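Asks: The structure that follows is given in the form of structure tokens.
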Amino acid sequence: MKAALVERGGAVHSNPLDLVEEIVTAHDWSFERAGDDELVAQLTGRWGDYRLFFAWNSEMSALQFTCSLDLKVPGNKRRMVVELLALINESLWAGHFELSASEGVALFRHSLLLRGAGGASVEQLEDLVDIALTEGDRFYPAFQFVIWGGKGPSDAMVSAMIDTIGEA
């Protein structure tokens, strides 16, 4: 199976991570290219730091994207956070949140299937990151309400869904 090609400005990329690297560099985010098929970047969001992980599987022509939030869920709060994740995921159009079983870290994940698509576009990759950061910033307080604020998942979700107008 051939890898999808990504075309931009006359340059052809057999690996969409080459294009991701260009985007990350343009935003001046700290990153490391762990190999041909992995790229890790770090940036600061509204509530904390985000770690972006991109993995390319050429056989599937799939780009898997994971954005870890800068918060660790204590063992005694994991059940409530999993309930919160279910509520959050019902409201998402793309991607989903999950809790890493090994580290107890909240993650946003999404995959782009690119077989037959002629490759990934800059806009698709930027949207992928933008959605993760927007949803991470939007729901970060809900995680905090459950983990440290003593709120239940439903109450935390209601608090997160209120759009604040203006700044205090």
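The values are calculated or read from the model by the stated rules, or taken from the named source; none is laboratory data. Being a predicted model, the structure only gives us computed values, none of them experimental. For neighbour counting, all protein chains shown are included, and Cβ atoms are generated from backbone atoms with ideal geometry for every residue, glycine included.
Asks: Return yes or no: is ARG109 of a type in the set (Lys, Arg) and in contact (Cβ under 8 Å) with a residue 40 or more places away in the chain? Reasoning before the result, please.
Replies: On the way: of a type in the set (Lys, Arg): yes; in contact (Cβ under 8 Å) with a residue 40 or more places away in the chain: yes.
Yes; evaluated as a whole, the condition is true for this residue.
Asks: I want to confirm something. Restricting to the range 25-50 and keeping residues that are more than 14 Å from the chain's Cα centre (by Cα) and of a type in the set (A, V, I, L, M), which single residue is modelled with the highest pLDDT?
Replies: Taking the range 25-50 as the starting set, the residues that turn out to be more than 14 Å from the chain's Cα centre (by Cα) are 25-38, 46-47.
Those still in the list that are of a type in the set (A, V, I, L, M) too: 26, 34.
Values: ALA26: 92, ALA34: 82.
Restricting to residues being more than 14 Å from the chain's Cα centre (by Cα) and of a type in the set (A, V, I, L, M), the top hit is ALA26.
Asks: State which residue pairs qualify: first residue free of Cβ contacts under 8 Å to residues at least 12 places away in the same chain and inside the range 148-159, second residue surrounded by 15 or more Cβ atoms within 10 Å (Cβ to Cβ) in any location, beta carbons under 6 Å apart, and separation of 6 or more residues or different chains.
Replies: Taking only residues 6 or more apart or on different chains, the pairs are LYS151/PHE145.
Asks: Same structure, new question: With the structure loaded, tell me whether ALA160 is crowded, with 17+ Cβ neighbours inside 10 Å, under 15 Å from LEU85 (Cβ atoms) and in contact with a Lys or Arg (Cβ under 8 Å, 6 or more places away or on another chain) or whether it fails that test.
Replies: Details: crowded, with 17+ Cβ neighbours inside 10 Å: yes; under 15 Å from LEU85 (Cβ atoms): yes; in contact with a Lys or Arg (Cβ under 8 Å, 6 or more places away or on another chain): yes.
Yes; evaluated as a whole, the condition is true for this residue.
Asks: Let me ask another. Looking only at the range 130-158, which residues are more than 19 Å from ARG79 (Cα to Cα) and not hydrophobic (A, V, I, L, M, F, W, C)? Break it down into steps so the answer makes sense when it comes.
Replies: Step one: list which residues in the range 130-158 are more than 19 Å from ARG79 (Cα to Cα), which gives 130-138.
The answer is ASP130, THR134, GLU135, GLY136, ASP137, ARG138.
Asks: So if I check each of PHE53, PHE65, which one is within 23 Å of ARG115 (Cα to Cα), in contact with a Ser or Thr (Cβ under 6 Å, 6 or more places away or on another chain) and either of a type in the set (Lys, Arg) or modelled with pLDDT of 95 or more (or both)?
Replies: Values: PHE65 fails: in contact with a Ser or Thr (Cβ under 6 Å, 6 or more places away or on another chain).
It is PHE53.
Asks: Take ILE147 and decide whether it is surrounded by fewer than 19 Cβ atoms within 10 Å (Cβ to Cβ) and among the β-branched types (Val, Ile, Thr). Explain how you work it out, then say what you get.
Replies: Working: surrounded by fewer than 19 Cβ atoms within 10 Å (Cβ to Cβ): no; among the β-branched types (Val, Ile, Thr): yes.
Judged against the criteria, ILE147 is not a match.
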